[in-house]
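Only one structure is covered here, and it is reproduced in the block below.
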Amino acid sequence: MATFGTLSDRLTQSLANLRGKGRLSAADVDGTVREIRRALLEADVNLDVVKQFTGKVRERALEASQSQALNPAQQVVQIVNEELVGILGGQQRRLEFAKQPPTVIMLAGLQGAGKTTLAGKLAKWLVKEGHTPLLVAADLQRPNAVTQLEIVGEQAGANVYAPEPGNGKGNPVRVAKDSIKFARDKQYDVVIVDTAGRLGVDAEMMKQAADIRKAVDPDEVLFVIDSLIGQDAVATAKAFQDGVDFTGVVLTKLDGDSRGGAALSVAQVTGRPILFASVGESLDDFEPFHPDRMASRILD
Ligand code: GDP
């Protein structure tokens, strides 16, 4: 059987039914659009995002069906792929480095999203690339956060900047601010600032993250989101965009069962690119985000 690019079996089947046809009817297009809608909803993509997406695909597919194209089914496949990859960021976007080091990368997201783990992953990857990252413990909320960062720092071969033990709970904004001066003095070329999250969106947490952002003037603010978050993805992403704003997204726990519908919802609603995917608990389970691979996973 002919393959249809990277799309799923189910969709392939639906499109295979169109293949023999020289021309697509509106009913053919609608049937396929229905399959796409079902696949997206099953992948936990936000309903508004699904509606917008399928509306666009339907419009373009109907237009294509009017033309005398040789292979209308193939055209529909192409439209679906283009639209999905387009929302997911098109080209892969790389990390922005500052012209004048240190490059400052701030991490924000809910507790448990995977920020501290990601800090270690980023540091390990940067060390491999020849950088000298400094990890900054500005999560002074969770009792174990500093120790956890020290553990991942050691695994990554990166130093950790943290408040002196016995220095009370410390002030995370102060710690973050001081760390930049420290990094500059000691010639670290990248600073990764881990911040505190809460289980849910919380005004105090958001203010702290916004204050840290102001204090460190980051080159990148990465919003870290658990891909298993499902329908809460949109509200959470919007809250972080309004509260702290971010330059990019990191999707974690993509090794889990989720189809990754959160990726589509977050990308569409915030317009921010997804830079990395976290795919396991080990520091090596980390990769650049590939919009095309994600497109096929969502429709699987
Ligand atoms: P934080 O509260 O945002 O700093 O989250 P943590 O980094 O402490 O991560 C929360 C939990 O998720 C930990 O048990 C991590 O080992 C786990 N975790 C983080 N990233 C991933 C991932 O990509 N895949 C899996 N399976 N687990 C992850």
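The values are calculated or read from the model by the stated rules, or taken from the named source; none is laboratory data. This one's a predicted model, so the numbers in the text were calculated from it and none came from an experiment. Note that each Cβ is placed from the backbone with ideal geometry, even for glycine, and that neighbours are counted across all protein chains shown. Keep in mind that these areas ignore ligands, DNA and RNA; they rest on the heavy atoms of the full protein, side chains included. Shrake-Rupley method; radii C 1.70, N 1.55, O 1.52, S 1.80 Å.
The table below gives the values:
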{"item": "On Cα atoms only, tilt of 9-19 relative to the major axis of the chain in degrees", "result": "30 degrees"}
{"item": "Cα gyration tensor shape of region 190-270, rounded if a/c is under 1.5, else prolate or oblate by comparing a/b with b/c", "result": "prolate"}
{"item": "For region 95-207, projected area of the alpha-carbon convex hull averaged over all directions, nm²", "result": "7.0 nm²"}
{"item": "Spacing of the two label points (7 Å from each Cα toward its C-beta) at Ile151 and Glu82, in nm", "result": "4.9 nm"}
{"item": "Between helix 72-87 and the chain: long-axis angle, C-alpha atoms, 0 to 90°, nearest 10", "result": "20 degrees"}
{"item": "Residue-normalised accessible area of the chain, expressed per residue, 1.4 Å probe, Å²", "result": "47 Å²"}
{"item": "Whether region 161-300 is rounded, prolate or oblate, judged on the alpha carbon gyration tensor where a/c under 1.5 counts as rounded", "result": "prolate"}
{"item": "Calculated P(r) tail over 27 Å for the chain, as whole % of Cα pairs", "result": "45 percent"}
{"item": "Gap separating the Cα centres of region 245-282 and region 173-205, nearest whole Å", "result": "22 Å"}
{"item": "Three-way shape call for region 226-300 based on the alpha-carbon gyration tensor, with the a/c threshold at 1.5", "result": "prolate"}
{"item": "Percent accessible area from carbon and sulfur atoms, the chain, protein chains only, probe 1.4 Å", "result": "46 percent"}
{"item": "With Cα atoms, 0 to 90° folded angle of helix 261-270 axis to the chain main axis", "result": "80 degrees"}
{"item": "Selected from Gly112, Ser278, Gln100, residue furthest toward positive end of dipole (the chain; charges at beta carbon)", "result": "Gln100"}
{"item": "The chain, relative contact order [Cα under 8 Å, separation at least 6], %", "result": "25 percent"}
{"item": "Reachable lysines from Lys214, criterion Cα separation under 27 angstrom, eight or more residues apart if same chain", "result": "Lys99, Lys115, Lys121, Lys124, Lys169, Lys177, Lys181, Lys186, Lys238"}
{"item": "Point-charge dipole on Cβ atoms (K/R +1, D/E -1) for the chain, about Cα centre, debye to 20", "result": "500 debye"}
